[in-house]
Structure formats: structure tokens, C-alpha cells
Amino acid sequence: MLNLGILAHVDAGKTTLTERLLYCAGVIDEPGSVDAGTTQTDSLALERQRGITIKSAVVSFTVDDTTVNLIDTPGHPDFVAEVERALSVLDGVVLVVSAVEGVQPQTRILWRALRRLRVPVLFFVNKIDRRGAGYERLIGDIAERLTQAIIPMGSVSGLGTRGAAFVPSGDASGSRLAEMLAEHDDAVLTAYLDGKAAMPRDWLRERLAAQVRDTLVHPVYFGSAITGAGVDELLRGLAELLPAASGDASGPVSGRVFKVERRAAGDKIAYARMFSGMIAVRDRVRFGRGRDGKVTAISVFADGTAVRSDSVTVGQIARLSGLAEIQIGDVIGIPPDNADRHYFAPPTLETAIVARDPRGKPRLHAAITQLAEQDP
């Protein structure tokens, strides 16, 4: 199980990449379009109208024997609170960078938060098929403005054309990779000094995965979410290089709510990641500050959507029903290790909302209360 976030500056191609990953994994028959409003994760009317992501959304797919819960997050800085809540439940991240615009302001803000949280990161340089796309320039941009601990996982042919393709490095024991890994791994350093023949491909990939999981190095993939170039290689990298969810299924219940929504009938649905233990339907759980409730239904994510389940266990993301008083950010059971952390600066502006008609105050208060459940 891998809980994966897709993060980027607005318009770098996060949602389009999500669609392409679902398509390459066999979950959907055709990738949706942001412009046409046919994507899996942008379900709000305003998201489809504006062509941007406003609220985090969860989809699921399988790579080899790894189930990936993918959280598509907003890129616009106005909705950075959605990103902050998603960060608290992730095992790894794909940070998308445009091959044309390069590292942008929101990219740097996201990177600083990921470094503080020590989340393993793979870079995906998108839009290599666009005119003005770069390769060496992008590697230099990431190294200069984000981190020098990057390892390009291949090269690009036909850069800036519709036929642009990602060419994976055929020699996994190349000098660049070995030199980077040797900085933090004495075994690789010894093998490197003894000669490249002493480093089998599979062994070196295992050492690379270990350093990615320890956030010491960050692989860089190139491709195009529109054409699909490089996405298959990225898929394999997700399963091979990022760490699987961990925790004790028999331990005490511990989870975190990172999203709350309401159905048309008004009942509340809480999206929660489990860090420890298990919750079954009809279990009574404690959450927030001394509140509790009985779980009446559970859905877990599988093959692109949420499916009904009798329980949710460690590492999984679930939709929980029946917890009427639960709020976004609430801890379920005992707090996880990353409880009460904040990764972005709080808002600097406040707004006072006043009812035009004093008789409308109760309805206005009820509406704002529902909004606050989703975004305090």
C-alpha cells in the first residue's frame, strides 16, 4: 500500500498526469481532459468550469503488487490549506515541474514543506512535447533552486515536439548514479572505487530505493502527461522506489481526517488515513477533542474508486460514515507522530461576513458552519 500525493504549481499538469496514470494502470479506458471537464478527480462544478483543482481528491490503482492511493491536490496558492492537510497522510510525493516554465514560486513553497516533513519525492518534468521545453536547463533549475541531490533517470529524444520521448538510462550502474549514492553509502563507495563491474544493476537499484526512502536523493523523470511519454517509467518508479505504508494493524487505533464532504442528503463523509490499528463497521471511535461516534459505513479505495468494506486497517485510506460531529484535521484514536504540525504560513487576511437581512442570520450561520467543517 502506497499513499501518494501529486503536487505542483498551478497548470504544471497534476490532474492530467493523474488521468494518464489511471489510464496506464488500466483503471480507465481513456484519459479525461481538464479543459473538457471529464477528469476523475475534478468533480466540483467550479473545478470543471475553471479547469483547476480546488479540493483534494482520492483515486486508486495497482502497479504490480502495490496498491496506490493517489491524492490529487490543488496547485493554486489560494487552496494551499488543502495541500497541507494532504501532506499529513502521505508516504511519498510526485512533484510535477513544467519543462517549459521550470521551477515556479509554488514549487519552491511545496518543496520547503516536503523537506521539513521528510517525505520521499520523485520529480516528474512534464510537457516535454511543448515548444520551449528544456532538459539540461530543467536539471540545472531544479539543482539550483530546489536541491542538488537529484538523479536524472534517463534522457529525452525529440524535445519540444509531439513525438518527444523519455529514454530510460540503460545502465543503472552509471557513474552519475553511483557517485550520488556513494556520498551516503559506504558499500556503494567501496564498489565504485573497485570498479563498475562490482555493482550489479539490481543491487544498485535497491541502494537507490533505500536512499530515496531516506530522502537523501530524488530521481527525476521526464515525460508528457498528454502524450503518455515517460509515464510508464514513472509508474514503475513509484512501486520500486517509494516506501510502502507501515504501521501495526494490531496496535491502538490511530488515524487522521484530511477531508470532509457532505452528500446531497446532508450526511457527513470523513476521509481518513489509518496509521495504526483497525476500524470496523459499528465500532465506536473517539476523535477530535473528546468527541466520539459510531461508524455506520466504510468505503476503501480500490481500482479507481471507493468500494464498500467491513473494515479499514493500517495504511489504508477510507471514507467513514456516521460520525456527525467529526471535522477536518481531527485525529481518530491516539495522535500519529506528525500530529499538530503546520507546514505553510497561516493566512494574513481575514474577512467578516454579515447577513444582508438580519432575519437570515441563522441560515447564514448554518451555511458557514458547514463550510468550516470542510475548511476551518
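Region 290-338 holds strands (runs of 3 or more DSSP E) entirely within its bounds, and those carrying 1 or more residues that are surrounded by 16 or more Cβ atoms within 10 Å (Cβ to Cβ) and out of contact with any Ser or Thr (no Cβ under 9 Å at 6 or more places or on another chain) map to 291-294, 311-313.
Condition test on Ala372, is it modelled with pLDDT under 90, over 22 Å from Gly247 (Cα atoms), surrounded by fewer than 13 Cβ atoms within 10 Å (Cβ to Cβ) and not basic (Lys, Arg)?
On the way: modelled with pLDDT under 90: yes; over 22 Å from Gly247 (Cα atoms): yes; surrounded by fewer than 13 Cβ atoms within 10 Å (Cβ to Cβ): yes; not basic (Lys, Arg): yes.
Yes; evaluated as a whole, the condition is true for this residue.
Can you tell me how many residues in region 57-91 are crowded, with 21+ Cβ neighbours inside 10 Å and modelled with pLDDT under 70? Going through region 57-91 one residue at a time, the tally reaches 3. Restrict the check to region 201-218 and report whether at least one residue is assigned by TED's automatic domain parsing to the domain that holds Gly140, in a strand (DSSP E or B) and either under 19 Å from Leu95 (Cβ atoms) or at pLDDT 90 or above (or both). Yes: region 201-218 contains one or more residues that are assigned by TED's automatic domain parsing to the domain that holds Gly140, in a strand (DSSP E or B) and either under 19 Å from Leu95 (Cβ atoms) or at pLDDT 90 or above (or both).
Being touching a His at 6+ places or on another chain (Cβ under 6 Å) and within 27 Å of Leu22 (Cβ to Cβ), is that true of even one residue in region 109-121? Scanning region 109-121 turns up at least one residue that is touching a His at 6+ places or on another chain (Cβ under 6 Å) and within 27 Å of Leu22 (Cβ to Cβ).
Pairs are defined by a Cβ separation below 9 Å, a sequence spacing of at least 6 or placement on different chains, a first member in region 112-123 that is more than 20 Å from Glu144 (Cβ to Cβ) and in a loop (DSSP other than H, G, I, E, B), and a second member that is at pLDDT 90 or above and among the charged types (D, E, K, R); the pairs so defined are Arg118/Asp214; Val119/Asp91; Pro120/Asp91; Pro120/Arg213; Pro120/Asp214.
Checking the conditions here, which among Ala133, Ala178, Ala187, Ala143 is surrounded by 15 or more Cβ atoms within 10 Å (Cβ to Cβ), without any contact (Cβ under 8 Å) to a residue 60 or more places away in the chain and not in a loop (DSSP other than H, G, I, E, B)? Break it down stepwise before answering.
On the way: Ala133 fails: not in a loop (DSSP other than H, G, I, E, B); Ala187 fails: surrounded by 15 or more Cβ atoms within 10 Å (Cβ to Cβ); Ala143 fails: surrounded by 15 or more Cβ atoms within 10 Å (Cβ to Cβ).
Answer to the check: Ala178.
The values are calculated or read from the model by the stated rules, or taken from the named source; none is laboratory data. Keep in mind that what you see is a predicted model, and the values were worked out from it rather than measured. Counting neighbours? That spans all protein chains shown, and the Cβs are built from the backbone with ideal geometry, glycine included.
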